[in-house]
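Trainee: Just dropping this structure here.
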Amino acid sequence: MRVELLTCAIGAELVGVNLADAIGDDGLFAEIRAALLKHRVLFLRDQEISRAEHVAFARRFGELEDHPVAGSDPDHPGLVRIYKNPDQPNDRYENAWHADATWREAPQFGAVLRCVECPPVGGDTMWANMALAYENLPDYVKTQIADLRARHSIEASFGAAMPIERRLALKVQYPDAEHPVVRTHPETGEKVLFVNGFTTHFTNYHTPERVRFGQDANPGAGDLLRYLVSQAYIPEYQVRWRWRPNSMAIWDNRSTQHYAVMDYPPCHRKMERAGIVGDKPY
């Protein structure tokens, strides 16, 4: 296996490896997992693997989970089908910077994504290194956010376009989760900026240290949250991947965000993602 860096900040392509071989090869899987922790997102080309092999490889990292809104392959639970077609012009859930399922109490560990069909050009995906985003924050901002916590909501994202009864039922099933604004990566010990497109507001901003008068709370908290979310937009923290059929990506959801560029209508784009159960951020 050869590891080829794609940027200075994040991302590497694995060359000369078939992910199906790593299902039963402990040494090869250990190499891939170590590369994932180091580079945060890994890319591979020409992976002629079946759905069963896709799921089996992803399960080496942990149990898989379905998505309450996106459909899964009926024969392979945990393999979410992200199928876009010209009949879905208003389907815009992907093209925002986010980490998957931070609206859960235990957001995903990561995911293994395979391209089934893609347009001849367009439909790329970008990832951002959120550990580097935290590291490069000004010291005064790090001090300001050290103890902050924030809410993440599926109701305000996937549920927003639903009829009110369905939206409220979704929130009952998945209440807004509260996470630290700065999480600690459970394996590397790194500090990671952990707010994204699912984050709605801070829950403990309104304290005497931050708010002189109650009037300060909304603009102060809102401006700070927008500033923090915008750190993923910085190109120096990013990698961009052009898809081809049977290309794959594996990413660490705990230290990255990603953005699926929706610049390809009226083409089809079919992706299949195995999302891996994670742990509660601290």
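Trainee: Which fully enclosed strands (runs of 3 or more DSSP E) of region 64-133 have 2 or more residues being touching a Pro at 6+ places or on another chain (Cβ under 7 Å)?
Mentor: Working: elements: 79-84, 110-117, 125-129.
The qualifying strands (runs of 3 or more DSSP E) are 110-117.
Trainee: So which pairs qualify, if the first residue must be in region 108-126 and without any contact (Cβ under 8 Å) to a residue 40 or more places away in the chain and of a type in the set (S, T, N, Q), the second must be in a loop (DSSP other than H, G, I, E, B) and buried (at least 23 other Cβ atoms within 10 Å of the Cβ), the Cβ gap must be under 7 Å, and the two must be at least 6 apart or on different chains?
Mentor: That search, which allows pairs on different chains as well, returns nothing.
Trainee: Mind counting the residues in region 151-191 that are in contact with an Asp or Glu (Cβ under 7 Å, 6 or more places away or on another chain) and closer than 16 Å to Val229 by Cα?
Mentor: 3
Trainee: Taking the condition at pLDDT below 95 and either out of contact with any strand residue (DSSP E or B) (no Cβ under 8 Å at 6 or more places or on another chain) or surrounded by fewer than 20 Cβ atoms within 10 Å (Cβ to Cβ) (or both), does Ala56 pass?
Mentor: no
Trainee: Another one. Which count do you get for residues in region 179-226 that are in contact (Cβ under 8 Å) with a residue 24 or more places away in the chain and either aromatic (Phe, Trp, Tyr) or touching a strand residue (DSSP E or B) at 6+ places or on another chain (Cβ under 8 Å) (or both)?
Mentor: 25
Trainee: Being at pLDDT 95 or above, more than 22 Å from Ile234 (Cβ to Cβ) and assigned to a loop (DSSP other than H, G, I, E, B) is the requirement here; does Asp46 meet it?
Mentor: Against the criterion (at pLDDT 95 or above, more than 22 Å from Ile234 (Cβ to Cβ) and assigned to a loop (DSSP other than H, G, I, E, B)), Asp46 qualifies.
Trainee: Okay, moving on. Considering every residue within region 16-35, establish whether at least one is closer than 21 Å to Gln173 by Cβ and not polar (S, T, N, Q).
Mentor: If we filter region 16-35 for residues that are closer than 21 Å to Gln173 by Cβ, which is where we start, we get none.
Checking region 16-35: not a single residue is closer than 21 Å to Gln173 by Cβ and not polar (S, T, N, Q).
Trainee: Which of (1) exposed (fewer than 14 other Cβ atoms within 10 Å of the Cβ); (2) farther than 25 Å from Pro138 by Cβ does Met271 not meet, given it meets every other one?
Mentor: Every listed condition holds for Met271 apart from (1).
Trainee: Here's something else I'd like to know. Would you call Asp75 modelled with pLDDT under 95 and surrounded by fewer than 14 Cβ atoms within 10 Å (Cβ to Cβ)? Lay out the reasoning, then the answer.
Mentor: Values: modelled with pLDDT under 95: yes; surrounded by fewer than 14 Cβ atoms within 10 Å (Cβ to Cβ): yes.
Criteria met by Asp75.
Trainee: Return yes or no: is Trp103 under 23 Å from Val192 (Cα atoms), in contact (Cβ under 8 Å) with a residue 60 or more places away in the chain, of a type outside the set (A, V, I, L, M) and in contact with a helix residue (DSSP H, G or I) (Cβ under 7 Å, 6 or more places away or on another chain)? Break it down stepwise before answering.
Mentor: On the way: under 23 Å from Val192 (Cα atoms): yes; in contact (Cβ under 8 Å) with a residue 60 or more places away in the chain: yes; of a type outside the set (A, V, I, L, M): yes; in contact with a helix residue (DSSP H, G or I) (Cβ under 7 Å, 6 or more places away or on another chain): no.
No, not satisfied.
The values are calculated or read from the model by the stated rules, or taken from the named source; none is laboratory data. Computed from a prediction, not measured in an experiment: that's the story for all the values here. So basically every Cβ, Gly included, is an ideal-geometry build from the backbone, and we count neighbours across all protein chains shown.
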